[in-house]
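Comments concern the structure below.
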Amino acid sequence: FNEENYKRVELVLSKYPANYKQSGIIPLLDLAQRQNGGWLPVSAMDKVAQIVGSAPSRVYEVASFYTMFNRTKVGKYFIQLCGTTPCMICGSEDIKQTITNHLGIKNGETTKDGLFTLLEVECLGACANAPMIQMNDDYYECLTPDTMIELLEACKRGNPPPMGRWGSLPMNGQVSCEGPLGKTSLFDEPGPVPIAKGRFDEGKVDPASVKEHMSY
C-alpha cells in the first residue's frame with residue numbers, strides 16, 4: 001500500500017476490535033485492487049493477510065469467492081455486461097455483439113491496448129433500465145447499439161460520461177428509472193413517524209403489541 005492508502009488501512013481496521021482484524025479482509029482487498037489497477041496479484045493478497053494476521057489461504061478464499069475481486073489483469077475500463085433474463089429480453093445480446101464487433105474482443109478478453117475488458121455477468125440489479133453494463137464502478141443503462149458505441153468512443157478519448165444525480169446514467173436521457181412521463185408519484189418527502197412520548201421509558205416492549213410500538 002502507498003502512504004495514503006496506509007491511512008485508509010488504519011481507518012478500516014479501527015472499525016473492528018483488535019482480535020477481529022480479519023473482518024477487514026474484504027475492504028482491504030478492495031483497496032489493494034484499486035491501487036493495483038483493478039486486479040489482485042498474489043503479493044497484494046499476501047500483504048492483506050500480513051496486515052490482518054491471517055494465513056494467506058484465508059485471504060485467497062475470500063478473493064476467489066467474490067466476483068468483485070479480479071485475480072487476473074483487466075483493462076482500464078472493465079465492462080461487465082448483464083446477460084440475465086430482463087436484459088436479454090431487452091437486447092443485451094445486441095449490446096454484446098456491438099461491443100465485440102467494435103472492440104474486436106470476445107467475452108472474457110481484453111483489447112491489445114489494455115483499455116477494455118469484456119465480461120458477461122449475472123444480474124446487476126438495474127432490471128428497470130435494461131439493457132445495461134457496469135463499467136468499473138459506474139452503471140450505464142437503457143443502452144442501444146448506437147449509445148454503446150458512443151460510450152466506448154468517449155472512453156477511448158479518456159472522457160467517459162459522468163454519472164447522473166442518482167449514481168447511474170441512463171443513456172436515453174431519462175432520469176434514474178423514471179418512465180417516459182417523468183415522475184408521477186412521491187413528489188413530497190415523507191416526514192418522520194410520530195413516536196409517543198415516553199413509549200420506551202421502561203425499556204420494554206410487549207410482543208403482543210410490537211406493531212404498535214414499531215409505529216405500524
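The values are calculated or read from the model by the stated rules, or taken from the named source; none is laboratory data. All values reported here derive from a predicted model rather than from experimental measurement. Every residue, glycine among them, receives a Cβ derived from its backbone with ideal geometry; neighbour counts consider all protein chains shown. These accessible areas exclude ligands, DNA and RNA; they are computed on the full protein's heavy atoms, side chains included. Shrake-Rupley method; radii C 1.70, N 1.55, O 1.52, S 1.80 Å.
Just to be sure I understand: with springs between alpha-carbon atoms less than 10 Å apart, which residue in Lys106, Lys183, Lys73 has the highest mean-square fluctuation in the Gaussian network model of the chain?
Lys183
For Gln35 and Asn101, FRET efficiency with R0 = 30 Å and r from the beta-carbon atoms, rounded to 0.05?
0.35
Would you mind getting the accessible area per residue of the chain, heavy atoms of the protein chains only, 1.4 Å probe, in Å²?
Result: 64 Å² of accessible area for each residue.
Using a 1.4 Å probe on the protein heavy atoms, what percent of the accessible area of the chain belongs to carbon and sulfur?
54 percent
Going by Cβ distance under 4.7 Å, what cysteines of the chain have no possible disulfide partner?
Cys90, Cys123, Cys127, Cys142, Cys155, Cys177
Students often get this wrong, so try it: which of (1) 1.00; (2) 1.05; (3) 1.09 is Rg/Rh (Cα atoms, Kirkwood Rh) as calculated from the structure shown?
Recomputing Rg/Rh (Cα atoms, Kirkwood Rh) here gives the entry labelled (3).
Trypsin sites (Lys or Arg not before Pro) within the stretch 1-53: which are DSSP loop residues with at most 16 other Cβ atoms inside 10 Å?
The qualifying sites are Lys15.
Starting from the Cα-Cα distance between Cys177 and Ala128, subtract it from 0.36 nm times their residue separation and give me the gain in nm to one decimal.
17.0 nm
Quick one: dipole size for the chain, taken about the Cα centre, charges +1 on Lys/Arg Cβ and -1 on Asp/Glu Cβ, in debye to the nearest 20.
On the way: 21 positive and 25 negative charges, 131 e Å.
With only Lys, Arg, Asp and Glu charged at Cβ, the dipole is about 620 debye.
Note the full-extension length gain between Tyr16 and Val193 as 0.36 nm times their separation in residues minus their Cα-Cα distance, in nm to one decimal.
So the extension gain works out to 60.5 nm.
Pick out, in residue order, every one of the chymotrypsin sites (Phe, Trp or Tyr not before Pro) in the stretch 12-67 that is DSSP loop and has at most 14 other C-beta atoms within 10 Å; say none if there are none.
Numbers: sites: Tyr20, Trp39, Tyr60, Phe65, Tyr66; in loops: Trp39, Tyr66.
Answer by residue number: Tyr66.
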